[in-house]
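Every number in this text was worked out from the coordinates using simple rules, so none of it is lab data. Since the structure is predicted, the reported quantities are computational estimates derived from the model, not experimental observations. Ideal geometry is used to build each Cβ from the backbone, glycine not excepted, and the neighbour counts take in all protein chains shown.
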Amino acid sequence: MTDPTSLSPLDLETPDKTFLDANELVINMGPQHPATHGVLRVILRLDGEKVMGLECVIGYLHRGVEKIAENRTYTMFNPYVDRMDYVAAVSNGLGYCEAVEKLLNVEAPPRAQYVRVILTELNRMASHQLWLGTHALDIGAITPLFYTFRDREEILKIFEKYCGARLTTHAFRIGGLQYETYDGLEKDVKTFVSFVRPKIDEYEELLTTNRIWLERTKGVGKISGKDAIALGVTGPVLRASGVKWDIRKALPYANYKNFDFDIPTGENGDTYDRYLVRMAEFRQSLRIIEQAVDNIPEGPIMAKVPKVIKPPVGEIYHSIEAPKGELGYFIVSDGSTQPYRIRVRPPSFVNLQALEVMCRGQLVADVIAVIGTLDIVLGEVDR
Amino acid sequence: MPDETKSPASPPPEGEPKPTADRPATPGGVKAASSGSVQSETKPAPDKPAAPATPPKAVAGAPATPAAAKPAAAPPKPAAPVPTPWDSPMIARLKGNYGSGIEPLTYLGQNYMVVDRSLIPEILQVLRNEEQFDYCVDITAVHYPKREKQFDVLWILYSFPRNERIRVKTQIADGQTLPSSVPIWATTNWLEREVFDMFGISFDGHPDMKRILLPDGWKGHPLRKDYGILQQDNEWVQINLGIESGQ
Amino acid sequence: MHALVQYIQSYLDSDKTPGGAGNIFWATVYILLVFAGLSVAVIAMNWLERKILAHMQVRLGPMRVGPHGLLQPIADAIKLLLKEDIIPAEADAVVFWIAPFIVVLAAFTVFVVVPFGPTHAITDMNIGILFMLGVSSLSVLGIVTAGWASNSHYPLIGALRSSAQMVSYEVAMGLAVVSVILMTSLNEQSTGTLSMIGIVQAQLAQQEWFLFKFFPLGLIGFGIFAIAMVAETNRAPFDLPEAESELTAGFHTEYSGFRWSLFFLAEYSAMIAVSSIAVTLWLGGWLRPFPNLLVGPTWDLLFSLFPGITFLLLAAMCFFNTARMPKHPLFKVQTIGLAGFGAVLGLIGLILVLPAVRIRVTDIFWFSAKVAGFMYLYIWYRGTFPRYRFDQLMKVGWKVLLPTGLALLVLTALVGMRTELWAELQGVWRP
Amino acid sequence: MNPAGMIPAGTNPPVATPFFFYLLAAIMVVGGVMVITRKNAVHSAMALITTLLAQAALYLMLYAPFVAGVQIILYAGGIMVLFLFVIMLISIERAEKERQFNKQWLVGIVAAAALGGLFIAVYTTTTKGRALFPEGRMTYGETQNTQQIAALLFDRTAGQYMFAFEIASLLLLVAIIGAVVMAKKRI
């Protein structure tokens, strides 16, 4: 790996000699490893337990999504985006649909916007719940996993009721929604909100003040705001480093500007702060959902979109705040029914780059913690 | 690819790229290219509206509400926007320094500038250090096989202090390299590797220019338009099974 | 023949352990009983751990094999024994082969001196506690060699971790143990003891568990030991040698089948062994609650009824759940099985109520009940705590437990001396 | 393990029989030879552990269970683990290629022979006219062994080794601190 620190010198202790002059141990972690969240392969150079350097080998899940896009129509490509970050499929769909809508210069009707916000925020919570469970599991706390999965189940039930799928939902269409909401969506969502609020306290009870959790996460995988920006890190990881930046506020999309919510930030940029930021995001998501579900306007759910989607010649970059960070779509249209080029800017891919900087000089166990805290989904890293 | 006909000012790199003139021209060439070299069966005729193959697909994604169901009643063509010049103090400054090498434009409210290849290292440096574009969102490329300068390479930049996102775009020919921006934005390390992996565009001075997503032994660069999606399958079947692929 | 019978019967009248009485027949019987009981305990522990952990984590745990998964451990055991036994090609075959046996041997041998009652121990050694600590420390050798012999990186790191961990925590553990040994010397003759039975008898004589002796010194010593023993047995939150998320399975990554099950067996019996030490040293061993306060035949009778009642209660639970079983024909076998299990438990309960059995078993029951409490704690820890990182683990061991243990030792000695001095001045021995 | 420690002296047939002595001695000698002849350092360490355990058993034969227990805890359980710890970090492949005995073998043999001669001389002079296993062997009550050792070391009247004992422990402390100072680059 390279030294990405030339611009922003990081104060990392890089030992020049190994302990007792023993051989450097090179360990291959993954691609089959319980804690690499899929098929990430990390080649670690160790001095005893200390990480001297590491290199990520990725691409095991590469499916050539961008190439596929060039051979599908805009509509046909929509389900494919769900398969990138498969734990946050709704966000992926939102980003793609909005990008194409922008290219078409149409806007989804307000009712669709509200439903989109609700589902996306629910999805953000589901993604964070999955993150919390697996992250805690990596650090050795096995119980939170079952708690979070129990509650994530309720979100997936709502998805299933709405669009028939639980994971790769394909919830949105270019121009709005395909399905009118089912009777009782509002009620289900409200029930869920009141159900999950105490559950979040429950997760926090297990971890937030747990001494071992604090020791394992505080000061681990530190990254300063400056370095985070230089490395292009986005999402909760960036916010935990003290950069108060959220695309929902900075460059509002959907109708997030109508909602009142805060951007939780951390101070130290360590694993614990990232944990706190995500826990706070749970609550902010709940706030947004509560505001949205009470105010879903009546009206059409689909904008006036031609049956055959042929955006005019041009290119567009649109990004949204996915649970993992900035998820961007760069679409080049040549005026035909198929995109000339679609580039996905995956948050996990860029965030994963920070792994080396965050892990150098730390211990093996911290690598696990940092992989967990980066919240990567290999489907999105590799596309 | 060498017989590019539409390009008005092909030889001089210093000359105006004239995107406004170039842009409408490219799609036609591109479509011909993609339908010719990639595969023709999935690609409908480009300019005929509602080709017979497309309506079923469109219906699948069609709206449920009748209001929007009117087929092609309001075609997007009339509203099709065109890139307009983009003006701002920053542009004025850049223009002052670099003159005609920069072509700032706005399309659908998004600003971008087409920069001459020779100015790229300097412009990126200036954007990072003086104009506070401290976050490189993405680097990507687009392949236009019919053009003489086959590749558009884009830097998507964002400035935290200004809350502004721009794109910097340049055109390079096949085999031409670009300066690596890893010293400017650390994040571009993997992004440049991905561009190299997918398009075969090398970046000079990159610390570790090798494939990232594809295996090291992969042949070709898949996101080039002349790289068919069946190519790899055919080759694999040929080598490993010794028969023609049924795909 | 008659002489043999007499030899066998002669022990029953003695008030010594079989080893102490030099009776080889009964010693063999005890050894077999202890090891059989230990194996059953490990199997039961396996099932209980899964069930309890599952219920802590809002799930059910094993439910399919047998009623409420009761046969799951047996199914697992069969699976493990039938599995292919793989020795990696590059492994050091001899060492690889020997390592699990060292671990199991060490884990089982310590039970030679565990006192389940004043006479219910295989033997009573003058150096009992020293023997336990010494032999249990030998299991590190097995773990280290297992990790090394696998000739693979993850097991090696696991082995390095575990050896470092066990050696460091042994020190703190030893200090806590020594503080108890100091406490045992608070009698008229000022003679302490290392004998496991002697330690319990000292608690009886001093009329309090060493847990509460010199409050809070006993408690601190117990705390040190309770932490160190979890580390010593490589269990959560100190389960770094086998940290799943980092090292796949730690030192036994390359082991499979029977050899792996030996490690499993050793881990659980080591847990029981260290819990036995803790119970013996601080919680009064086999002593029933309030042996000095609630005296008299009535109380004796009441407390001796506990084992039988416990089993009867368990049987009642089984019957209750039998009644709650779904009435579907698919559940018929399970229902009968559960009822049968309940019947067995009930029968055991009834036998334990018989006066002749009652008297002999009550000590064992109280000892086992206390150990079971520790076993529950082990499971509870696992459900609650994240895992320590290696340097933090070392920090806890060397920078927290060791100084505390040293201070504790000095303080215990000082307080003990003060007590002795006081007794000397008074001319009366007042513990 | 030898069960001698469990049986009070005098009441039972002694386990400290020549048979056990020769058995344990043989194990020790074989183990010792293996320690120096094995090329693989871990195998050597295993042999050393065997030797140390046999030695612990010999202590038991001498009715010194406390010393036996300490032997197991400290040497077999503690020090050998640290040995293994270090050995495992050494590249075995490289060690196996190296020559087993270097140029000092001649000196070694002379030294060993001298030591052996000394042992024999001591043996023959001290056991002159006496049996190898004298009848009047030490019969400390096994149950008091630990206390006896303590008395021998620390008692105001019976023991005179308190000072020597403390000096020895101080020496060890110095060694520990020295090791730390040498190993750590900055403290």
If the chain between residue A:298 and residue A:214 were fully extended at 0.36 nm per residue, the gain over the current Cα-Cα distance would be 25.5 nm
Once you wrap a convex hull around the alpha carbon atoms of the range D:45-92, what is its projected area averaged over all directions, in nm²?
2.9 nm²
Once you have a ≥ b ≥ c as the square roots of the Cα gyration tensor eigenvalues for the range C:32-82, tell me rounded if a/c is under 1.5, and otherwise prolate or oblate according to whether a/b is larger than b/c.
oblate
Per-q log10 I(q)/I(0), chain A, q = 0.07, 0.10 Å⁻¹ (Debye; single scatterer per alpha-carbon; no solvent):
-0.31, -0.64
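Could you tell me how many cubic angstrom of Cα convex hull volume chain C has per residue?
Here the figure is 173 Å³ per residue.
So for C:215, C:390, fewest C-beta neighbours within 10 Å to most, what's the order? Write down the numbers at each step before the final one.
Details: C:215 10, C:390 23.
Going from sparsest to densest Cβ surroundings: C:215, C:390.
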Hey, what does the equivalent ellipsoid look like for the range C:226-384, semi-axes from the Cα gyration tensor as sqrt of 5 times each eigenvalue, largest first, whole Å?
33, 27, 13
Taking a ≥ b ≥ c as the square roots of the Cα gyration tensor eigenvalues, with a/c under 1.5 meaning rounded and otherwise prolate when a/b beats b/c, else oblate, which class fits the range C:325-418?
oblate
Counting only other chains, what is the mean number of Cβ atoms within 10 angstrom of the Cβ of each residue in peptide C:154-167?
3
Shape verdict for the range C:251-317, please, from the Cα gyration tensor: rounded (a/c under 1.5), prolate (a/b greater than b/c) or oblate.
oblate
Paramagnetic reach from residue C:317 in the range C:55-96 [backbone N under 20 Å; point 7 Å along Cα→Cβ]:
C:55-74
Based only on other Cβ atoms within 10 Å, what is the fewest-to-most ordering of A:163, A:56?
A:163, A:56
Could you give the dipole magnitude of the range A:67-382 about its Cα centre, charging the beta-carbon of Lys and Arg +1 and that of Asp and Glu -1, in debye to the nearest 20?
520 debye
How are the alpha carbon pair distances in the range A:81-158 distributed across 10 Å bins from zero to the largest one, expressed in percent?
18, 40, 26, 12, 4
Take the Cα atoms of the range D:13-95, find their three principal axes, and give me the spread along each one in whole Å, biggest first.
51, 23, 11
So for R0 = 30 Å, FRET eff. of residue C:309-residue C:204 from the Cβ-Cβ r, to 0.05, ends up at 0.80
With R₀ set to 51 angstrom, the calculated FRET efficiency between the beta-carbons of residue D:36 and residue C:35, to the nearest 0.05, is 0.85
List the extent of the Cα atoms of the range C:300-353 along each of their three principal axes, largest first, rounded to whole Å.
47, 15, 7
On average, how many beta carbons from a partner chain sit within 10 Å of the beta carbon of a residue in C:56-66?
2
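Based solely on its DSSP helices, what 222 nm [θ] is calculated for the protein assembly as shown when runs of n ≥ 4 H residues each add -39,500 (n - 2.57) and the sum is averaged over all residues, nearest 500 deg cm²/dmol?
On the way: 44 runs with 658 residues, N = 1248.
Here the helix-only value at 222 nm equals -17000 deg cm²/dmol.
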Take residue A:255 and residue D:113, extend 7 Å from each Cα along the Cα→Cβ direction, and tell me the distance between the two endpoints in nm.
10.4 nm
Multiply the residue separation of residue C:336 and residue C:420 by 0.36 nm, subtract the distance between their alpha-carbon atoms, and state the gained length in nm to one decimal.
24.0 nm
Mean projection area, nm², convex hull over Cα of the range C:46-136:
9.9 nm²
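Summing Lys, Arg as +1 and Asp, Glu as -1, what charge do residues with Cβ under 15 Å from the Cβ of residue C:379 carry, residue C:379 excluded?
+2
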Spin-label point model (7 Å from Cα, Cβ direction): what's the residue A:197 to residue A:262 distance in nm?
1.6 nm
Given bins 20 angstrom wide, list per bin the percent of all Cα-Cα distances in the protein assembly as shown, short to long.
9, 31, 29, 19, 10, 2, 0
Among C:125, B:90, what is the fewest-to-most ranking by other Cβ atoms within 10 Å?
B:90, C:125
What distance in nm separates the two pseudo spin-label positions at residue B:125 and residue D:23, each 7 Å out from Cα along the beta-carbon direction?
8.5 nm
Which FRET efficiency value, to the nearest 0.05, is calculated for residue D:161 and residue C:81 with the Förster distance at 41 angstrom and r the Cβ-Cβ distance?
0.15
Checking rank on D:163-169, A:244-250, with mean other Cβ inside 10 Å and highest first, the result is A:244-250, D:163-169
Tell me the Kirkwood hydrodynamic radius of the range A:234-383 in angstroms, computed as one over the mean inverse distance between distinct C-alpha pairs.
17.7 Å
What whole-number value in cubic angstrom gives the convex hull volume per residue for the C-alpha atoms of the range B:111-166?
73 Å³
